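Everything on this sheet refers to the single structure shown next.
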Amino acid sequence: MPSSPTAQPSIAPPATAADAKNAPPTPLAAAAPPVVTGVSPGSGPTGTPVVISGSGFTGATQVRFGTALSTFNVVSDTQINATVPANSGTVRITVTTPNGTSTQAVNFTYTAAPAPTLSGLNPTSGPAGGGNSVVLTGTGFTGATQVLFGATAAPSFTVNSATQITATAPPGTGSVQVTVTTPNGTSNGLTYTYVAAPTITSLSPPSGPQAGGNTVTITGTNLAATTSVHFGAVAAGFTVISPTQVTAVAPPGTGTVGVNVTTSGGTSNNLSYTYAAIPTVTAVSPAQGPTSGGNSVVITGTGFTGATQVLFGATAATSFTVNSATQITATAPPGAPGAAAVNVVAPGGTSSSGVFYFYVSPPALTSLDPASGPTGGANTVVINGFNLTLTSAVHVGAASVTFTVLNDNQVSFPAPAGSGTVNVNVTTPGGTSNNLVYTYVPAPVITTLNPTLGPEIGGTSVTVTGTNLATTSSVHFNATSAAYTVLSNTQLVAISPPGTGTATVNVTATGGTSNSLTFAYVPPPG
């Protein structure tokens, strides 16, 4: 049998560089679609945050729970954080990227969402007119559809998160239950109290020092829930005493400001409070008076409006009248001899001017010298006593007379004309003295001399008869003084002095000098 030729393997020529350059490109392998390997948690209600694990998540464009699209955030190529969208039952989770959609059977099971719960309100009370913001805290607030204050819906509210809502309170009265409604139900209720707005009717005192620090009593209504007290724009410390009274410590200030009170029910009306300057005392008149007090003193200065006290040293005036912002009339209290600073206490504080009032001891009289005199007056009388230096008046009966202060123990005065018995006293800033008695004595009258003549050598005992002779101080024969003895108010005996011719005889007594009678001197015989 004829042999066939043996087939020879063909040998391809070796490739050249040109062949490699002209060869078609090798196709690249296609990127794989994302892979979902797990979800945590695997069940829950709508709105549950979940973590999706897997690979190929970079550039993800969709995350679905069944057919429902979810909001999500790509954390890394292997993790996505997503929020469960509304759906129900058990659904597959898929992730879509430009490379495709995952196909793994990773499921999420929907569970019924619990009703919202309410755990706190802030504040828990507010004004009856509403309008204030109330922050509600709790759980399950997502998708809230209504916030109720009792039966009244809040006019507006904002769901800040699943655990917080800010609502505007509607108007209302009394205490009501606040609830939140979501598609999953209505929450429990918490109590919110409507508070009537405060009113204030008086401030006591209505003014005070510019330095502040004084306590002001505020009276009004609905003050129990006070949260602040303002003097103008400045907040003051305060204490709630009762629903009708609050005490506040006035802050420093000037001028007149409005005072108001704020409670959960709102802010009250304003009342005026005046910051007063510290008073000053510039003068007192009179500047001295008796230790017994009781005299009226006019005080001049500034800042006296609303004065509450006038002090003489540490002792308050028994009474006073504020005549104006610059003048007070006060009744001086008793005081010890010496100086006492006069000060005024007013809403602005207490003065410290250094003006003094001097307490003067009262005058005291011990004797008059003489204690009697002629009805015609004009004789000088010396008053003896104590504390007479500041004598301002001397009275004889009802008459005020001129006088001279001799020293602290003596004052002299010319007696006025008068009759009978009168009181003499002295007035000083210390008061009016005790009375001493001064007696007006009629002038003496002589009616007879017995004998009416005698020897020139004198020595004759002459009986003088008349009236008002008891206080005789001298008997004269012409200009010569004679010795005498008073026997009674109507009779005295005088011894004639030597003389010649005739002599006029008269008697001088406390009441003055008498009329004259004639006595004849007889020469010796031969």
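Counting the residues of region 34-68 that are closer than 25 Å to THR182 by Cα and touching a Pro at 6+ places or on another chain (Cβ under 6 Å) gives 2. Of all residues in region 174-188, those that are outside any strand (DSSP E or B) and either over 17 Å from ALA113 (Cβ atoms) or at pLDDT below 95 (or both) total 3. Taking each residue of region 386-410 that is closer than 14 Å to THR428 by Cα and outside any strand (DSSP E or B) and looking for partners that are of a type in the set (Phe, Trp, Tyr) and open to solvent by 80 Å² or more (accessible area, probe 1.4 Å) with beta-carbon atoms closer than 8 Å, six or more apart or interchain, yields ASP408/PHE386; ASN409/PHE386. Within region 94-117, the set of residues being closer than 30 Å to GLN146 by Cβ, more than 60 Å from the chain's Cα centre (by Cα) and in a strand (DSSP E or B) comprises PHE108, THR109, TYR110.
Being touching a strand residue (DSSP E or B) at 6+ places or on another chain (Cβ under 8 Å), open to solvent by 20 Å² or more (accessible area, probe 1.4 Å), under 30 Å from ILE278 (Cβ atoms) and of a type outside the set (S, T, N, Q) is true for just one of PHE320, PHE386, PHE312. Which residue is that?
Working: PHE386 fails: under 30 Å from ILE278 (Cβ atoms); PHE312 fails: open to solvent by 20 Å² or more (accessible area, probe 1.4 Å).
Going through PHE320, PHE386, PHE312 in turn, just one is touching a strand residue (DSSP E or B) at 6+ places or on another chain (Cβ under 8 Å), open to solvent by 20 Å² or more (accessible area, probe 1.4 Å), under 30 Å from ILE278 (Cβ atoms) and of a type outside the set (S, T, N, Q): PHE320.
Among THR256, THR274, which is the only one that is on the phi < 0 side of the Ramachandran plot, within 12 Å of the chain's Cα centre (by Cα) and open to solvent by 20 Å² or more (accessible area, probe 1.4 Å)?
Numbers: THR256 fails: within 12 Å of the chain's Cα centre (by Cα).
Answer to the check: THR274.
Let's see how each residue does on (1) outside any strand (DSSP E or B); (2) crowded, with 20+ Cβ neighbours inside 10 Å:
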site: ILE165; (1), (2): no, yes
site: PRO171; (1), (2): yes, no
site: SER202; (1), (2): no, no
site: ALA211; (1), (2): yes, no
site: GLY220; (1), (2): no, yes
site: THR227; (1), (2): no, no
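A Cβ distance below 6 Å, combined with a sequence gap of six or more or placement on separate chains, defines the contacts here; from region 91-119, residues that are open to solvent by 40 Å² or more (accessible area, probe 1.4 Å) reach residues that are hydroxyl-bearing (Ser, Thr, Tyr) and not in a strand (DSSP E or B) in the pairs THR117/SER187. The set of residues in region 135-161 that are under 12 Å from THR191 (Cα atoms) and either open to solvent by 60 Å² or more (accessible area, probe 1.4 Å) or not in a loop (DSSP other than H, G, I, E, B) (or both) comprises LEU136, LEU148, PHE149. Residues that are at pLDDT 95 or above, under 20 Å from the mean Cα position of the chain (by Cα), part of a strand (DSSP E or B) and not polar (S, T, N, Q): does region 299-312 have at least one? Yes. Report yes if PRO290 is touching a residue at least 40 places away in the same chain (Cβ under 8 Å) and open to solvent by 30 Å² or more (accessible area, probe 1.4 Å), otherwise no. No.
The values are calculated or read from the model by the stated rules, or taken from the named source; none is laboratory data. The model shown is predicted, which means the values in this text are computed figures rather than measured ones. Note that we place each Cβ from the backbone using ideal geometry, even for glycine, and neighbour counts take in every protein chain shown. For the accessible areas, the whole protein counts, side chains as well, though only heavy atoms, and no ligand, DNA or RNA atoms are used. Shrake-Rupley method; radii C 1.70, N 1.55, O 1.52, S 1.80 Å.
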